[in-house]
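Written out below as structure tokens is the structure these notes cover.
The values are calculated or read from the model by the stated rules, or taken from the named source; none is laboratory data. Predicted, not measured: the structure shown is a model, and the values here were computed from it. A quick note on method: Cβ atoms are made from the backbone with ideal geometry, for glycine too, and the neighbour counts reach across all protein chains shown.
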Amino acid sequence: MLDSIPSFAVVGHPNRGKSSIVSTLIQNSRVPIDAMPGTTTKSSSHLISLGSEDLVQFFDTPGFQRPHKVFNLIKEDSQGADSRHYAVRKFALKSENKELYPDEVELLRPIIDGAGIIYVVDGSIPYGEEFDAELEILRWTGQVRMALINPIDSGQYVENWKSALGQFFNVVRVFDAHHADFSKQLDLLRDFAQLKEDWRPELLRASDALLQDRKNKIKKSSEVIAQSLTSMLSLKLDESINDNSDKEKIIEKLENKLSQKLVSIEAKSRKGVESIFSHNNLDCSDSDLWAEKEPELFSEESSQLFGLDRKTLLKYGAFSGAAVGGTLDVISGGSSLLMGSFLGGLVGAGTVLFGGDTLAETKVVFLPLGRKSLQVGPVKNISFPHLVLNRAWNHLVSILGRNHSRRGSLDLRKEIEKIPPLSEPIAKKIEKEFSRIRSGNNLSLSRSQIAKLLYKATLEQQNLK
């Protein structure tokens, strides 16, 4: 028999989204999913766990292959309604059936061991009598059961399925495995609590635990983003020089290193957020940061999508006490500002990107014993951190809306059309922290405040209390 935690076998016709539903429910993209029917050949156990505690178990199973033949064999061993579940059990345990009907035996094993049934159908195809044998076999098991209508291509036959399935199942729900958001996943878990009274307390507790875990992951992601923003704004590089040094060449080298490090910090932050939400090996369509020899972070498109407009830039400049629209000074000693079109032209359209301002400070630092170094950074531009912040916000909200059953790349350019920007009050408070970081004051406090503000904004955007 199965362990005491609630357990469910996800069953149905081949290629109806069973593995997709399991992947969605356990919130992990590592469940194998393939468009080719028959990919799943063995039942596999997948757990919803928090820490070391297992809360709910799901079995991803092979699809029915010969249900009519199997049902006829089961009927031959049944003496009446009171013996039907014994007949199903006898079929599943009979050694020769494992060779003759491996898929049906595999899918029935967890059920005869006590698992509840989640029967998955495709709402884009009509119900037909070819499904009758599957439904009868599942009914004869005597186990609690729910049907999920998964509209893979359309919902054209959803009502048709509801009428048929209502005769066989305790609960029937429509559940889009590829697009169900977190709230719908929680609703489904709570629906499972209706199936068996003994499981109800544990399933409701699991639902509450997953909600809290979601909040914890958002908090952790906010901290990862805040850390990356602080690191980017405080980043500076230097190289020793003397009176004979080619300062322009050194500046160009340091500029390139600075840009590469900024890109690297953003990429690491994104991967960190994706890992927190178990979206491993996710391909984001703008994550090729060196595409066409121009880092996505510094592209004109990125500026137009995520940067500040001139009006907002001026407002934030006044708000933070920073100056907008500085002048360019070629290094001749003292300090100067790094050209907006740094990277030797890789970031063309610097005026568009940085609102007419330059990006980072460059200066000669005088050291003891007459030594000198050339320093590039930290970033002083007002618009730049907001561009990075808005990209990070778009990425985080996109990840939160990303269903674990979905495969393929995540197009962040399309996602931005669906995602509202950070509210102005939140953005203003974060700009205040950016200003403190630029001045070098108490970085850890500003990092903590940015994380708290992002956490609050994300909970509100996700309607999580």
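What the table shows:
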item: Residue, farthest from the chain's Cα centre (by Cα), within the stretch 62-83, restricted to residues that are assigned to a loop (DSSP other than H, G, I, E, B) and within 16 Å of Pro102 (Cβ to Cβ); result: Arg66
item: Residue within the stretch 158-167 that is modelled with pLDDT of 90 or more and under 30 Å from Glu460 (Cβ atoms) present; result: no
item: Breaking point among (1) outside the structural domain of Asn390 (by TED's automatic domain parsing); (2) in a loop (DSSP other than H, G, I, E, B); (3) out of contact with any strand residue (DSSP E or B) (no Cβ under 8 Å at 6 or more places or on another chain); (4) at negative phi, for Glu159; result: (2)
item: Selection status of Lys184, closer than 30 Å to Ile382 by Cα, of a type in the set (D, E, K, R) and surrounded by fewer than 21 Cβ atoms within 10 Å (Cβ to Cβ); result: no
item: Matching entry among Pro378, Pro425 (being modelled with pLDDT of 90 or more and either polar (S, T, N, Q) or crowded, with 16+ Cβ neighbours inside 10 Å (or both)); result: Pro378
item: So Glu248, is it loosely packed, with under 15 Cβ neighbours inside 10 Å, outside any strand (DSSP E or B) and either touching a Gly at 6+ places or on another chain (Cβ under 7 Å) or acidic (Asp, Glu) (or both); result: yes
item: Unmet criterion (only one of (1) assigned by TED's automatic domain parsing to the domain that holds Ile276; (2) more than 28 Å from His395 (Cβ to Cβ)) for Leu237; result: (2)
item: Positions within the stretch 102-159 being polar (S, T, N, Q) and touching a residue at least 60 places away in the same chain (Cβ under 8 Å), in sequence order; result: Asn150
item: Complete set of residues in the stretch 21-63 that are within 20 Å of Pro151 (Cβ to Cβ), at pLDDT below 70 and surrounded by 17 or more Cβ atoms within 10 Å (Cβ to Cβ); result: Ile33
item: So Phe58, is it among the aromatic types (Phe, Trp, Tyr), touching a strand residue (DSSP E or B) at 6+ places or on another chain (Cβ under 7 Å), closer than 29 Å to Val158 by Cα and not in a loop (DSSP other than H, G, I, E, B); result: yes
item: Count of residues meeting criterion [free of Cβ contacts under 8 Å to residues at least 24 places away in the same chain and within 17 Å of Val105 (Cβ to Cβ)] in the stretch 76-93; result: 8
item: Test set (1) modelled with pLDDT under 95; (2) under 19 Å from Asn28 (Cβ atoms) - Lys220 fails condition number; result: (1)
